[in-house]
Amino acid sequence: MIINNETDYGTPASLSANLVTLEIDGRKVTVPEGTSVMRAAGETGINIPKLCATDSLDPFGSCRMCLVQIEGARGYPASCTTPVAEGMKVCTQNEKLANIRRGIAELYISDHPLDCLTCSANGDCELQDTVGAVGLREVRYGYEGENHLDAAKDGSNPYFSFDPAKCIVCSRCVRACEETQGTYALTIDGRGFDSKVSPSQNQAFMDSECVSCGACVQACPTATLMEKSVIDHGLPEHSVITTCAYCGVGCSFRAEMKGEQVIRMVPDKNGQANHGHSCVKGRFAFGYATHKDRITTPMIRDNISDAWQEVSWEEAIEFAAEKLKQLQAKYGRDSIGGITSSRCTNEETYLVQKLVRAGFGNNNVDTCARVCHSPTGYGLKSTFGESSGTQNFDSVKKSDVILVIGANPTDGHPVFGSMMKRRLREGAKLIVADPRTIDLVKSPHVQADYHLKLRPGTNVALVTALAHVIVTEDLADEKFVSERCDTESFAKWKTFVAKPENSPEAMAEVTGVPADAIRGAARLYATGGNGAIYYGLGVTEHSQGSTTVIGIANLAMATGNIGRDGVGVNPLRGQNNVQGSCDMGSFPHEFVGYRHVSDTKTRALFESAWKVELQSEPGLRIPNMFSAAIDGSFKGLYIQGEDIAQSDPDIQHVHHALRQMECIIVQDLFLNETAKFAHVFLPGSSFLEKNGTFTNAERRISPVRKVMTPLGGKEDWEVTQDLANAVGYPMNYKHPSEIMDEIARLTPQFAGVSYAKIEAMGSIQWPCNDEFPEGTPTMHADHFVRGQGRFMLTEYVPTDEKASRKYPLLLTTGRILSQYNVGAQTRRTDNVAWHEEDRLEIHPHDAEELGINDADWVGIKSRAGETVLRALISERVQPGVVYTTFHFPHSGANVITTDNSDWATNCPEYKVTAVHVAKVSEPSRWQKQYQDFSDKQETLLKDRIVAHEHE
Amino acid sequence: MENQNLIKMANNIGAFFNSEPDKAQAVAGIEQHLKSFWEPRMRRQIIDYVQQDGTELMAIVAEAVRNLAAQRSL
């Protein structure tokens, strides 16, 4: 399935440094040792016919279409499985080969529908192309014999169909599922003529283990596996390379278009983060962008009990600006602020924080990264000197020991999860520290060497115990530490972690992890070769989130696992632009490039560039904004692309705060939960409707390209610019590239970044400047950004959320593969077929004790509130722990989560809430009240005064 | 803002720095953290609390807040 001009070389490139010279059809060719004859031919422009070969998969040699003649060799070897050799002479085209190929094609076509003209792959079918290339003109066997033409079609998957009548059993789909995705959901069932592709045990795709990553569809050379959107609309006619707007992997995609309609999103094989792979969200779940719920006309209202009134852009911006100015006049300069979004581009985020700092005249700007990875920023900046991960994704290919803490890559970062699984299948060792049995712990051909199944809230105890083993068993890399780190802080840290109270034996009681497992894991990480740590929100979203990040950095420094390929500290960022939104100065205490607002020199730089006086004091963080709203000192908020009324913890407190405010401006695609409390709604633009850049978890700045006209008429950065002008701070950018140019001028890490360079290189990993003109795949290679690595003490402080008689279970939250964050996008796609509601996972033992059966309604009560969900009995959670997701607003997962937060950053403690669970028969009071409120708001939207009525 | 909220946040900061064996360094760390990350109205309120009562704060936190007050840096 290839509808682009990229060459498919048939087999993967060899990375060998040794070169081999051979002759193919009389041409001298020099390629790396290990290259297949097929690829060597392709690289010199000679195309050998093929069906089962594609360059994303290892050679298989089943179709026999690619056979060649090699001087001195017997028979007709398959060029895909034959490696080149020095002096080899290859012939790819002669009469004999042509006859054999025609014969093979004839066999294929004798059992293949002859409906090419009406086939969905017409014009994009490798079988069609190959049969044409070999010159098949007749099928001597006829079409009457036994065949598969009546095989039943499987349309169970919402996004693609499986038509076995068109299958040539080339096994590309099976191999893609194994090699690329690592799920092993597909197999070839039967032998000989009975061979057929089988999802799991001859099940329908939807009932099988298939995760709908699309790798099989992409690999299929015929219309057997085909996107339903292509079946419905026909083949696309042009494509644009852009970047996915879901998770922090930041996959590169070809948006394949018919005019302004996206027909399909196909992962870009040149994508430097994803190398041609995708997941069910990026590949298929783009329909939200044109969903009927999109609001494309600005709206205003004085009170949230009023009906919305559609107005022009000019009126809406003027209304919003006047409100903000009035609030500042009445309540003071610091009474308003803004929230940037990790779903928006770098340029948009930069502009929002600039509007707040320069236009509003205060530093009350924060980002949704506050509630996910702000502890990463604090922890890594404090220890290494830079608030970012240290590696690129490809680094995992050289890891020998992978330590995954509080992350679920196969669900949260699935494309990277597949890369990691590939490395694990190659033999890397795996340590998983997680309260739940995530898929990585045991999946096909992957099994964790250690699963440290700790109690929620005890990360610091575990990490410090690991450090204790490393120090007391002399496993530290003293040479690395003495050369690269602050030895005084190391000595202090050694003394601290060596204390008996930090030993695995002492911490086993706290963590619930046996001491010998902690010792074994520590030894493996410290001595097993290249040790790499990957972590996620299961680390950061704790009252000691920053402490765990520091502890992780300590481990990496102590073992010398930093500064080269295969090692490092890798925060897996949740949303597409978490790294970018943090880089762009979204936090209230620092300018773009992580420079504190109190730094006189930095402030002078920005004051000179922005031509305005700037405040030297940090502004309010998001939770502080809510508190200030309730005490009456914070009254106005501009929110771009963020749904705080669903995503933030202790949601009743958040809703109360929002109700106290006098002007909430929401810029979004939909009337999200926050917009129900808003006074101004400004239509947002999807990632398909604008230009800009996203920065993924590996600091990779990738292009976002506009493929359709914004439905609301404006790109998001234009709206912010209009608002800035209306409040009296002039902005006059003509294109987002000018914003990036300004960022580059003002930010040392971005000094060498430009749209021209991104266009030329495909993407760039910052720092990119005079010192690193091509970007920086691996940070801290020669020295830490702060000079010497700094060890910090990590005393375990138990969270206030402890199991008690009143609240005997611990709730932890997370997300699943098919849904994304608050679900605003994925709930508006067919991804609901996999997950249509949030459920409470509970261990069978606890369920039995509480008399709870699968799918029963259960009430979950914490000190913050109560909600009701259906139960899902599961051994993935341990006894005493329950788990849920937060993808649906009426689930009220955040009614239960509390105001506990990380000591350093106020990142909420989503991961630990003490709860009481009981079987119930009706929704909670909150759910009923919120349903009423939400219904009223939907009515106020439905009954809105439309623009022409207003006129 | 609610005093209880600020007290809890401040004590959480104190709990991190509490493991620092050099008490002066711990106090300085808390003080710097409050200066770097707390918005002025939050700092003013915690100073008011220390000046009026302060009993619910860890000793090293109260000392850091008193140092802040002495600097008149708000």
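Could you tell me whether segment A:939-951 includes any residue that is touching a residue at least 12 places away in the same chain (Cβ under 8 Å) and either within 26 Å of the chain's Cα centre (by Cα) or open to solvent by less than 10 Å² (accessible area, probe 1.4 Å) (or both)? Checking segment A:939-951: not a single residue is touching a residue at least 12 places away in the same chain (Cβ under 8 Å) and either within 26 Å of the chain's Cα centre (by Cα) or open to solvent by less than 10 Å² (accessible area, probe 1.4 Å) (or both). For segment A:878-906, filtering for residues that are within 14 Å of chain B (Cβ to nearest Cβ) and touching a Leu at 6+ places or on another chain (Cβ under 9 Å) leaves 0. Taking segment A:351-451 and the helices (runs of 4 or more DSSP H) fully enclosed by it, the elements with 3 or more residues that are among the polar types (S, T, N, Q) and open to solvent by less than 10 Å² (accessible area, probe 1.4 Å) are at A:374-383. Annotation note: Cβ proximity below 7 Å between a residue of segment A:45-61 that is on the phi > 0 side of the Ramachandran plot and a residue that is open to solvent by 30 Å² or more (accessible area, probe 1.4 Å) (sequence gap 6+ or interchain) occurs for A:GLY61/A:THR81. Comparison of A:LYS942, A:LYS911, A:LYS919 shows that the only residue that is under 26 Å from A:ILE304 (Cα atoms) and either assigned by TED's automatic domain parsing to the domain that holds A:ARG815 or not aromatic (Phe, Trp, Tyr) (or both) is A:LYS942. When A:ALA609, A:ALA697 are checked against the criterion of being assigned to a loop (DSSP other than H, G, I, E, B) and either more than 14 Å from chain B (Cβ to nearest Cβ) or among the basic types (Lys, Arg) (or both), A:ALA697 stands alone in meeting it. Restricting to segment A:543-599, name every residue that is β-branched (Val, Ile, Thr) and either within 28 Å of A:GLN819 (Cα to Cα) or within 14 Å of chain B (Cβ to nearest Cβ) (or both). Matches in segment A:543-599: A:THR547, A:THR548, A:VAL549, A:ILE550, A:VAL569, A:VAL578, A:VAL597.
A:GLU144: among the acidic types (Asp, Glu) and modelled with pLDDT of 95 or more, yes or no? So A:GLU144 does not fit the description; no. Might you check whether a residue that is crowded, with 16+ Cβ neighbours inside 10 Å, outside the structural domain of A:CYS167 (by TED's automatic domain parsing), free of Cβ contacts under 8 Å to residues at least 60 places away in the same chain and under 24 Å from A:LYS269 (Cα atoms) occurs anywhere in segment A:83-101? Within segment A:83-101, one or more residues are crowded, with 16+ Cβ neighbours inside 10 Å, outside the structural domain of A:CYS167 (by TED's automatic domain parsing), free of Cβ contacts under 8 Å to residues at least 60 places away in the same chain and under 24 Å from A:LYS269 (Cα atoms).
Only residues that are open to solvent by 60 Å² or more (accessible area, probe 1.4 Å) and within 10 Å of A:LYS166 (Cα to Cα) were counted across segment A:107-121, and they come to 1. Every listed requirement among (1) in a helix (DSSP H, G or I); (2) buried (at least 17 other Cβ atoms within 10 Å of the Cβ) is met by A:SER342 save one, (1). Restricting attention to segment A:324-336, and to residues there that are of a type outside the set (S, T, N, Q), at negative phi and open to solvent by less than 40 Å² (accessible area, probe 1.4 Å), which single residue is farthest from the other protein chains (Cβ to nearest Cβ)? Per the stated criteria, the residue is A:LEU324. If only residues of segment A:835-851 that are within 22 Å of A:ASN894 (Cβ to Cβ) and not charged (D, E, K, R) are counted, the one that is surrounded by the fewest Cβ atoms within 10 Å (Cβ to Cβ) is A:HIS835. Consider segment B:37-59 and keep the residues that are open to solvent by 20 Å² or more (accessible area, probe 1.4 Å) and closer than 25 Å to A:VAL460 by Cβ. The one that is farthest from the other protein chains (Cβ to nearest Cβ) is B:ALA59.
Listed conditions (1) modelled with pLDDT of 95 or more; (2) away from chain B (no Cβ under 14 Å); (3) buried (at least 24 other Cβ atoms within 10 Å of the Cβ) are all met by A:GLU689, apart from (3).
No other residue among A:TYR883, A:TYR910 is assigned to a loop (DSSP other than H, G, I, E, B), of a type in the set (Phe, Trp, Tyr), at negative phi and touching a residue at least 40 places away in the same chain (Cβ under 8 Å) apart from A:TYR910.
Residues being under 25 Å from A:ALA947 (Cβ atoms), open to solvent by less than 20 Å² (accessible area, probe 1.4 Å) and charged (D, E, K, R): count how many of those fall in segment A:692-731. Matching residues across segment A:692-731 total 2. Of all residues in segment A:887-897, those satisfying the criterion of being buried (at least 24 other Cβ atoms within 10 Å of the Cβ), of a type outside the set (Gly, Ala, Ser) and in a loop (DSSP other than H, G, I, E, B) are A:HIS887, A:THR897. For residues that are open to solvent by 10 Å² or more (accessible area, probe 1.4 Å) and in contact with a strand residue (DSSP E or B) (Cβ under 7 Å, 6 or more places away or on another chain), scanning just segment A:614-638, find the one that is farthest from the other protein chains (Cβ to nearest Cβ). Checked segment A:614-638; the qualifying residue farthest from the other protein chains (Cβ to nearest Cβ) is A:LYS635.
Filtering B:GLU63, B:GLU31 for residues that are more than 9 Å from chain A (Cβ to nearest Cβ), open to solvent by less than 30 Å² (accessible area, probe 1.4 Å) and assigned to a helix (DSSP H, G or I) leaves a single hit, B:GLU31.
Taking A:ILE665, is it open to solvent by less than 10 Å² (accessible area, probe 1.4 Å), closer than 20 Å to A:TRP717 by Cβ and outside the structural domain of A:GLU347 (by TED's automatic domain parsing)? Steps first, answer last, please.
Details: open to solvent by less than 10 Å² (accessible area, probe 1.4 Å): yes; closer than 20 Å to A:TRP717 by Cβ: yes; outside the structural domain of A:GLU347 (by TED's automatic domain parsing): no.
The answer is no for A:ILE665.
Looking at this structure, is A:PHE784 among the hydrophobic types (A, V, I, L, M, F, W, C), away from chain B (no Cβ under 14 Å) and surrounded by 20 or more Cβ atoms within 10 Å (Cβ to Cβ)? Here the answer is yes, as A:PHE784 does meet what is asked. Filtered by the rule that a residue be more than 10 Å from chain A (Cβ to nearest Cβ) and free of Cβ contacts under 8 Å to residues at least 12 places away in the same chain, segment B:5-24 gives a lone residue, B:ALA24. Within segment A:752-781, being of a type in the set (Gly, Ala, Ser) and open to solvent by less than 60 Å² (accessible area, probe 1.4 Å) holds for A:GLY752, A:SER754, A:GLY762, A:SER763, A:GLY775, A:ALA781.
Somewhere in segment B:18-27, is a residue of a type in the set (Ser, Thr, Tyr), outside any helix (DSSP H, G or I) and at negative phi? Yes, there is a match, as at least one residue in segment B:18-27 is of a type in the set (Ser, Thr, Tyr), outside any helix (DSSP H, G or I) and at negative phi.
In this entry, A:THR540 is excluded by the filter for residues that are within 14 Å of chain B (Cβ to nearest Cβ), among the hydroxyl-bearing types (Ser, Thr, Tyr), within 23 Å of the chain's Cα centre (by Cα) and open to solvent by less than 10 Å² (accessible area, probe 1.4 Å).
The values are calculated or read from the model by the stated rules, or taken from the named source; none is laboratory data. These numbers were taken from a predicted model, which means no experiment stands behind them. We place every Cβ from the backbone using ideal geometry, glycine too, and count neighbours over all the protein chains shown. Keep in mind that these areas ignore ligands, DNA and RNA; they rest on the heavy atoms of the full protein, side chains included. Shrake-Rupley method; radii C 1.70, N 1.55, O 1.52, S 1.80 Å.
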